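A short write-up of the structure that comes next.
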């Protein structure tokens, strides 16, 4: 198992937990929570693969179903610790965001696409699953709020391609890009950094 695959599985686990945690807050049953977790984990990657004209990754490997089931089991077993921690969703979501952004960029590069496509696909992979999750649980998606969310993926993409430009080893490049996304998201929330909102006429 290579390092990118490990990142992919960790991102799947983290995003699935973020979705299952929110589903539990809405009092979904186990199956409903699993569906939300699975859609959160694979939604962004599915959209990416369809745009890249390849078979969605989870249709080729059942392991993503298993990882989502493990995430559900984790929340069931440690629910009183996970569900009642206010920052749990945020932390797992930030981790999933960073890891999946890297996976999206790597897949775009593997299919021969240029930098700007890689950054867009990395952003889609990281952020689109959260949009589907929030839609399923009837919440306004984070990407449409003033919080720094998708832009954190864009920043991570710029870090990734900067590392490529300076011939940084692949594993270090992947780690730097993922960490940059996670830190950008964490710091933006901690210090209340956000984009201006559009205001309609009163």
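Every number here is computed from the coordinates shown, using simple stated rules; none is lab data. These numbers were taken from a predicted model, which means no experiment stands behind them. Quick reminder, even Gly has a Cβ in these numbers, built from the backbone with ideal geometry, and neighbours come from all protein chains shown.
Worth a mention:
- Sequence-separation-based contact order of the range 86-130, relative, with Cα cut under 8 Å and 6+ spacing, percent: 43
- In the frame of its principal axes, the range 1-66 has Cα extents of 36, 24, 16 Å, reported largest first.
- Only Cα pairs under 8 Å and 6+ residues apart enter the sum, and on that basis the relative contact order of the range 1-86 stands at 36 percent.
- Taking every alpha-carbon pair within the chain, the share separated by more than 20 Å comes to 53 percent.
- Sorting 175-186, 23-34 by their mean Cβ neighbour count within 10 Å, with the most densely packed peptide first, gives 175-186, 23-34.
- Ellipticity estimate at 222 nm from DSSP helix runs (n ≥ 4, -39,500 (n - 2.57)) divided over the chain, nearest 500: -24500 deg cm²/dmol
- Equivalent ellipsoid of the range 116-187: semi-axes from √(5λ) of the C-alpha gyration tensor, largest first, are 26, 11, 9 Å.
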